[in-house]
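Q: Take a look at this one; I'll ask things after.
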Amino acid sequence: MARPIRDPRELTDEQTEFIRLARDFAQREIRPRAEEVSEADTESPLDLWKSASQIGISQLMLPEEYGGGGITDLVTQTLVQQELAYGDISIGAFLTSNGFFSAPIEALGSEEQKKHWLGLLCSDTPPITALATTEPGTGSDAASLQTRARREGDHYVLNGQKTWISNAPYAEYFIVFATVDPTLRSRGITAFVVPRDTDGLEIGKPMRKMGQRGIVNAEVFLDNVRVPVENRLGEEGQGFYGMMGTFDASRILIAASATGLARAALDASIEYAQTREQFGTPIINHQAVAFRLADMATRVDISHLVTMRAAGLYDQGLTVTEEAATAKLVASENASWVTSAAIATHGGWGYSREFPVERWMRDAKLEEIEEGTSDIQRLIISRSLARGAK
């Protein structure tokens, strides 16, 4: 049984309904499928994508004017994402992944592009999409992309290789970040929408992963891929701006997912500690276990609070690069700690696959790596501190 989150902010009736929709779907549809999806390893649950789309979950975070659910404030998105992740973090991220594709379009696209691409995402049967950013030699240094975009008349020719691209095996459309001139670094990066069936675009084999297997990753190869100029988002060199704006929001949503995962591990541990007996009493009555649970609960609350602070400031239109980094750093590392503590609470059974806590610990580790490692988040925070001290 999920512990309710007590929070001083008042939610609107609409927000409460969105959260209830996500919570019910997570408990009814996502949680029962989570172990099966993880064991399949390289297959996303396409049937859940279909059923989630039919009730509007996959479109919830898209603008209402283009047919979406209209959750444009990050606070509500954060609360919804947390509920989905409580069911399963990778399936929850998969079901709302079109929000990441839409962000550069919203930030950089013309009104005509928004009507076309966002309209597709908001349909009753939305396509699965992907962002193609990371490269084999480019991870945290997003300004050093080597994928080239060369202008030839009314087309661009793209050449390069992307890796760890989420949804790549299923995506019908990609937003590819490429550079018109590597020597310009961030000032050369440009974004393009590339349909899957474009000549020269190839998808590699699905990657086998430690955890979070509900989202399938693969490499993307671009060999003289010709893209019409009208598929460029914004002007040349504006792609880095769109990418960084996406990162601020996505890091907050990753923090929300990590918080939902940690909540699941905490709740499972409380339930187990109340029923598992040792030395003639439930183990929750032993101080060592009780104090561990208290530490777990404290970390979950901290994760929730820093994430909601970042989301609230984002919704005010403020620059939240530091707060987003803080939320991701705190929530991801807390998720790893809490899931490890959950295994300790379950003892030997926690190490087995009879309980989901071992899977949750494997899932949690990705949150410390994706969208910038914990080291990168510390770098962002420290640079912000240095600027403030001048």
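Q: Would you mind stating whether F174 is part of a strand (DSSP E or B) and either among the hydroxyl-bearing types (S, T, Y) or under 18 Å from the mean Cα position of the chain (by Cα) (or both)?
A: yes
Q: I need the helices (runs of 4 or more DSSP H) fully contained in region 313-390, keeping only those with at least 1 residues that are more than 28 Å from I270 (Cα to Cα) and over 17 Å from the mean Cα position of the chain (by Cα). Outline the logic, then answer.
A: Working: elements: 321-346, 348-351, 357-367, 374-389.
So the answer is 321-346, 374-389.
Q: What are the pairs, 6+ residues apart or on separate chains, where a residue within region 133-162 that is of a type in the set (V, I, T) has its Cβ under 8 Å from a residue that is outside any strand (DSSP E or B)?
A: Note: pairs meeting the criteria are T133/A142; T133/L145; T133/M243; T138/S144; T138/L145; T138/Q146.
Q: Within region 275-293, can you find the residues that are under 37 Å from the mean Cα position of the chain (by Cα) and of a type in the set (A, V, I, L, M, F, W, C)?
A: Listed by number, the residues that qualify are I283, I284, A288, V289, A290, F291, L293.
Q: Taking region 57-72, which residues are under 29 Å from A327 (Cα atoms) and surrounded by fewer than 16 Cβ atoms within 10 Å (Cβ to Cβ)?
A: Listed by number, the residues that qualify are E64, T72.
Q: Listed residues R232, R226; which is over 19 Å from I189 (Cβ atoms) and modelled with pLDDT of 95 or more? Break it down stepwise before answering.
A: Details: R232 fails: over 19 Å from I189 (Cβ atoms).
Answer to the selection: R226.
Q: Give V306, V357 a once-over and let me know the one that is modelled with pLDDT of 95 or more and in contact with a His (Cβ under 7 Å, 6 or more places away or on another chain).
A: Values: V306 fails: in contact with a His (Cβ under 7 Å, 6 or more places away or on another chain).
Answer to the check: V357.
The values are calculated or read from the model by the stated rules, or taken from the named source; none is laboratory data. Computed from a predicted model, the values in this text were never measured in an experiment. Glycine gets a Cβ as well: all are built from the backbone with ideal geometry, and neighbour counts include every protein chain shown.
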